[in-house]
Amino acid sequence: MAWKLYYYDEVIQDIKEARKWYHEQQEGLDKWFADDVKISINRLQKNPINYEVKYRNIRVAYCAIFPYA
């Protein structure tokens with residue numbers, strides 16, 4: 001069973017800015033970053049109990065490749 005995730009507006013904006021930055025560094029890197037973020041979100045959604053609570057009721061999943069959470 002997948003859990004419902006809620007995002008703050010700042011999260012979406014931050015991901016967009018990070019993706020733009022990676023694109024500016026190297027063409028195609030932004031897509032690799034986006035895929036890594038999607039995989040991390042899917043892992044978190046499928047099994048949120050595996051991730052520690054960082055702030056009140058907010059759980060954080062780290063990307064496997066990029067230094068991003």
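Points worth noting:
- Whole-number percent relative contact order across the chain, with pairs defined as alpha carbons under 8 Å at least 6 apart: 28 percent
- Partner lysines whose Cα lies under 22 Å from the Cα of LYS46, excluding those fewer than 8 positions away in the same chain, are identified as LYS4, LYS38, LYS54.
- Carbon + sulfur, % of accessible area of the range 1-62 - ligands and nucleic acids excluded, 1.4 Å: 53 percent
- Here the chain is assigned +1 on the Cβ of each Lys and Arg and -1 on the Cβ of each Asp and Glu. Its dipole about the Cα centre then comes out at about 420 debye.
- Seen against the Cα atoms of the chain and their longest principal axis, helix 9-25 is set at about 30 degrees.
- Crossing angle, helix 29-46 versus the chain [Cα axis fit, 0-90 degrees, rounded to tens]: 10 degrees
- Compared with the alpha-carbon gap, the fully stretched path from TRP21 to ALA69 is longer by 15.7 nm at 0.36 nm per residue.
- Probing with 1.4 Å while keeping every protein chain in the model, the per residue accessible area of the chain equals 84 Å².
- The residue among VAL53, TYR8, SER40 whose Cα reaches farthest toward the positive pole of the charge dipole of the chain, with charges on the beta-carbon of Lys, Arg, Asp and Glu, is VAL53.
The values are calculated or read from the model by the stated rules, or taken from the named source; none is laboratory data. Keep in mind that what you see is a predicted model, and the values were worked out from it rather than measured. Positions of Cβ are generated from backbone atoms using ideal geometry, with glycine treated the same way; all protein chains shown enter the neighbour counts. Heads up: the accessible areas ignore ligands, DNA and RNA and are worked out on the full protein's heavy atoms, side chains in. Shrake-Rupley method; radii C 1.70, N 1.55, O 1.52, S 1.80 Å.
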